[in-house]
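These notes are about the structure you will find just below.
Read-outs: derived from the displayed coordinates by stated rules, not from any lab. Bear in mind that the values here come from a model prediction, so they are computed numbers and not experimental data. Using ideal geometry, Cβ is built from the backbone for each residue, glycine included, and neighbour counts are taken over all protein chains shown.
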Amino acid sequence: MRGSSDRPRVTIYTAVSLDGRIGFRGRRFVLGTCEQRILHHYRSVSDAVMVGAGTVISDNPSLTVRLVDYKGGQPLRVVVDGRLSTPIDAKVYDTSMAPTLVVTSEASPWEKRRRLEEKGVEVVVAGPGPWIDIGFLLSLLWRRGVRSLLVEGGATLIGELVSAMFFDRLVVAVTPWLLGSGATGFLEKRLVEPVRLRVEEIRVCGVDVVLELRPLTGSL
Ligand SMILES: NC(=O)c1ccc[n+]([C@@H]2O[C@H](COP(=O)([O-])OP(=O)(O)OC[C@H]3O[C@@H](n4cnc5c(N)ncnc54)[C@H](OP(=O)(O)O)[C@@H]3O)[C@@H](O)[C@H]2O)c1
């Protein structure tokens, strides 16, 4: 794994169909209670939870820890949105629930940055953009004290992290659906080298299976 000394430890969590798809025509996966508990556990042990703009637009997640009897703090919510295309009334921008940091670029409208700041959202402008280098983004979070980062999607952000090998753990909830080629793939990114993974844990959650994997170095 590259650069793991100056970036947070990255866990990617995703729910996929049997054919590796994560979204079907704007419809989101509904996680069962067991997978939700696992996901919320990962949120509770992470300093920050990160998604890209596409996930905020399509799923509108709140990204908070909602475990029964949970008394700990909420992780910092991080939205990567180079153009600020996410709606201002998205749940993640309700800072009464948890703090939010949006990482954007100079390509985003100044007025929208100001409106987000008025809502209590921290806005960081990371370069001219609209694209923000993923390594730079991780080192920015590291400098802010984020040591453990949970990434909940979507496909674009996960693809950036996997192709750069900027991840330490991959948690995949596999659900017995087939969604076909019209659906968004879990990894829509060309890889220079295949990525080998080691299965560390397998949990059966009702009809779903949750795999915890770690990347291995070395080629096939
Ligand atoms: N099954 C699951 O577990 C799961 C979880 C999350 C999401 N999803 C699904 O994934 C799909 C969304 O996929 P997606 O690829 O659109 O989601 P995404 O990765 O959350 O968002 C992609 C968008 O975020 C912005 N972005 C990401 N990285 C950036 C960077 N380095 N610099 C600047 N901007 C960056 C860009 O916005 P602009 O294009 O505006 O520049 C980019 O198009 C939906 O169908 C959703 O339901 C599934």
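Taking the mean number of other Cβ atoms within 10 Å as a proxy for protection, how do you rank 181-190, 40-49, 146-155 from highest to lowest?
146-155, 40-49, 181-190
If each DSSP helix of 4+ residues adds -39,500 (n - 2.57) and the sum is divided by the residues in the chain, what number results at 222 nm, nearest 500 deg cm²/dmol? It would help to have the intermediate numbers written out before the result.
Values: 5 runs with 47 residues, N = 220.
That calculation yields -6000 deg cm²/dmol at 222 nm.
Using mean Cβ contacts within 10 Å as the protection proxy, how do 71-77, 51-57, 161-167 order, highest first? It would help to have the intermediate numbers written out before the result.
Working: 71-77: 16.6, 51-57: 21.9, 161-167: 19.4.
Ranked from most to least packed, the peptides come out as 51-57, 161-167, 71-77.
Sort out for me the Cα centre separation of the range 161-220 from the range 65-131, rounded to whole Å.
Result: 27 Å between the Cα centres.
Could you name the lysines in cross-link range of Lys91, using Cα to Cα under 24 Å and dropping any fewer than eight places away on the same chain?
Lys71, Lys112, Lys119
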